[in-house]
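To keep things clear, I will list the structure first and then write my remarks on it.
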Amino acid sequence: MHVAGLTLAPFHAVRYQPRRVADLAAVTSPPYDVVVKPDGLHRLETAEPHNVVRLILPKGSDHRAAARRLRHWRASGVLTADPLPGLYVYEQRRGPDTVLQRGLLGSLALTPPEAGLVLPHEDVMPEVVAERAALTRATAANLEPLLLSYRGDPEGPAARAVDAATEGEPLLATTTPNGIEHRVWAIHDPARQASINAELARHRALIADGHHRWATARRLNDEHHGNPPWDRTLVLLVDTARFPLRVQAIHRVLPWLPPAAALDRLADAFRVRPLRSTRLPEALEVLRDAAGPALLLAGGDEGAFHLLDRPAPELLERTVRHDRPPLWRGLDATVLHAALLNRLWTPRPGDIGPTNPRYLHDAPSAVAQARQSGGSAVLLRPVAETTVRQLAEAGVTMPQKSTSFGPKPASGLVLRDLSDETEGPIADQT
């Protein structure tokens, strides 16, 4: 398969109609894997009857119910498709003077790994891909965009098109409770769309957020033998030369493993240092300043934190793969998964609670869940974007859920309904 480069096709954006919902912000959600369960999910479900979380995280993983709900919202005019296909500029801003991110929303052509055009940097969990694939099959929709990054020409046609679009009135604008203003503009001019793609064809992209959605899209593309509309998926493409993304850590909660048991099973495998402070910000500072692989263990009613560092060389020699570069072998997440989650901290007979790690993007939420469940929270440090890109370009993937790039696009502002690309022209539904 010959692939010329990145190609971003226009699509009919499916959007909430403001007159049919209480507030645009009230129908948005963080990406499905960032929603904190159960409290955050409940807040979103009760914020507005049409909140998109009812599509991306249907109760009981009832994918058919999500599909029926999407069709009902389309039929009743709660969600309508733009009559003209377009590329879209999406902006997140904090206050009048701080643009956090601007990028292009479009339908990206799926490419095989050997093309080297879309670079993953993390492994995926097969069960998550299977669940997301089931949801996408049922709804026949891209409910959330992936977040991709590339480094473009600051004076190129893509940059000029993005800036020109933001000089007009946005199609939608809303401010979410965290104080971030979200705005979207359309680019309908075919000549401008072509000039954008002429530049994108010279670039490749890094998956910043959405590895499971990318793997899902590729699986469904294979199932449909590369036929439209399954040969593309919805993405937000951000030029990080102009709008750098932030990289944060993703933390683990181990419900089956209380902190005392975790420490007991370490024996002499790590140096263990109890921290004097019981304040999370101060504990995270200690973790940040640690040399070499390091982790922060939290949980328990006493609010204690323990720094785990200086793993025993013989433990790393025995557990960490040798067919990976030193940069990968020294990652905190590599050591956590290879030496601890796959060896010393595996569930044992008599352990109580779920035996799968939970992944949380927010450190306070991870600590709170660990204390509530009686388990442990393992807090990690962010990985530098240069490290992520260096490994991705070498074809080396990091352990699953190693990074959290942001700011992430809000789910619910723009959807792609695949049926709109198979049923002919769309009538003006607004």
**For ASN178: the one exception among (1) among the polar types (S, T, N, Q); (2) in contact (Cβ under 8 Å) with a residue 60 or more places away in the chain; (3) out of contact with any helix residue (DSSP H, G or I) (no Cβ under 6 Å at 6 or more places or on another chain)** = (2)
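Would you mention how many residues in region 318-336 are within 19 Å of ALA267 (Cβ to Cβ) and of a type outside the set (Lys, Arg)?
4
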**Request:** Any residue in region 207-235 that's under 15 Å from GLU421 (Cα atoms): show its pairings with residues that are open to solvent by 30 Å² or more (accessible area, probe 1.4 Å) and hydroxyl-bearing (Ser, Thr, Tyr) at Cβ separation under 7 Å, as long as the two are six or more apart or on different chains.
**Result:** PRO229/THR422
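Looking at PRO113, PRO85, PRO126, PRO96, which one is over 20 Å from VAL21 (Cβ atoms) and touching a Gly at 6+ places or on another chain (Cβ under 9 Å)? Full working, then the answer.
On the way: PRO85 fails: touching a Gly at 6+ places or on another chain (Cβ under 9 Å); PRO126 fails: touching a Gly at 6+ places or on another chain (Cβ under 9 Å); PRO96 fails: touching a Gly at 6+ places or on another chain (Cβ under 9 Å).
Selected residue: PRO113, the only one of PRO113, PRO85, PRO126, PRO96 that is over 20 Å from VAL21 (Cβ atoms) and touching a Gly at 6+ places or on another chain (Cβ under 9 Å).
Considering only region 261-277, state which residues are of a type outside the set (Phe, Trp, Tyr), surrounded by 12 or more Cβ atoms within 10 Å (Cβ to Cβ) and modelled with pLDDT of 95 or more.
ALA261, ALA262, LEU263, ARG265, LEU266, ALA269, ARG271, VAL272, ARG273, LEU275
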**Fill in**
Among strands (runs of 3 or more DSSP E) completely within region 118-225, the ones holding 1 or more residues that are over 28 Å from PRO58 (Cβ atoms), under 15 Å from the mean Cα position of the chain (by Cα) and not charged (D, E, K, R) are 146-150, 205-209
**Prompt:** Given the conditions (1) open to solvent by less than 20 Å² (accessible area, probe 1.4 Å); (2) closer than 19 Å to ARG252 by Cβ; (3) of a type in the set (A, V, I, L, M, F, W, C), and given that LEU280 satisfies all but one, which numbered condition is not satisfied?
**Reply:** (1)
**Prompt:** Within region 168-180, is there a residue that is closer than 17 Å to ALA9 by Cβ and open to solvent by 10 Å² or more (accessible area, probe 1.4 Å)?
**Reply:** no
**Prompt:** Looking at this structure, is ARG265 basic (Lys, Arg) and in a helix (DSSP H, G or I)?
**Reply:** yes
**Complete:** Per the filter on region 366-385, residues open to solvent by 30 Å² or more (accessible area, probe 1.4 Å) and part of a helix (DSSP H, G or I) are ALA368, ARG371, GLN372, SER373, GLU385
**Asked** Tally time: how many residues in region 344-365 are open to solvent by 40 Å² or more (accessible area, probe 1.4 Å) and closer than 14 Å to GLY303 by Cα?
**Response** 1
**Request:** Would you tally the residues in region 268-315 being basic (Lys, Arg) and in contact with a Leu (Cβ under 8 Å, 6 or more places away or on another chain)?
**Result:** 2
**Item:** Among the residues listed as LEU24, LEU100, the single one being surrounded by 16 or more Cβ atoms within 10 Å (Cβ to Cβ), within 25 Å of ALA384 (Cα to Cα), touching a Pro at 6+ places or on another chain (Cβ under 7 Å) and among the hydrophobic types (A, V, I, L, M, F, W, C)
**Value:** LEU100
**Asked** Given the residues VAL286, VAL320, VAL335, which is the only one that is open to solvent by less than 40 Å² (accessible area, probe 1.4 Å), without any contact (Cβ under 8 Å) to a residue 24 or more places away in the chain and in contact with a Ser or Thr (Cβ under 9 Å, 6 or more places away or on another chain)?
**Response** VAL320
**Prompt:** Right, THR397: in contact (Cβ under 8 Å) with a residue 40 or more places away in the chain, open to solvent by 20 Å² or more (accessible area, probe 1.4 Å) and hydroxyl-bearing (Ser, Thr, Tyr) or not?
**Reply:** yes
**Message:** Being among the acidic types (Asp, Glu), farther than 28 Å from ILE187 by Cα and open to solvent by 60 Å² or more (accessible area, probe 1.4 Å) is the requirement here; does GLU45 meet it?
**Reply:** no
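The values are calculated or read from the model by the stated rules, or taken from the named source; none is laboratory data. Every value quoted in this text rests on a predicted model; they were computed, and no experiment measured them. We place every Cβ from the backbone using ideal geometry, glycine too, and count neighbours over all the protein chains shown. Calculation scope for accessible area: heavy atoms of the full protein, side chains included, ligands and nucleic acids excluded. Shrake-Rupley method; radii C 1.70, N 1.55, O 1.52, S 1.80 Å.
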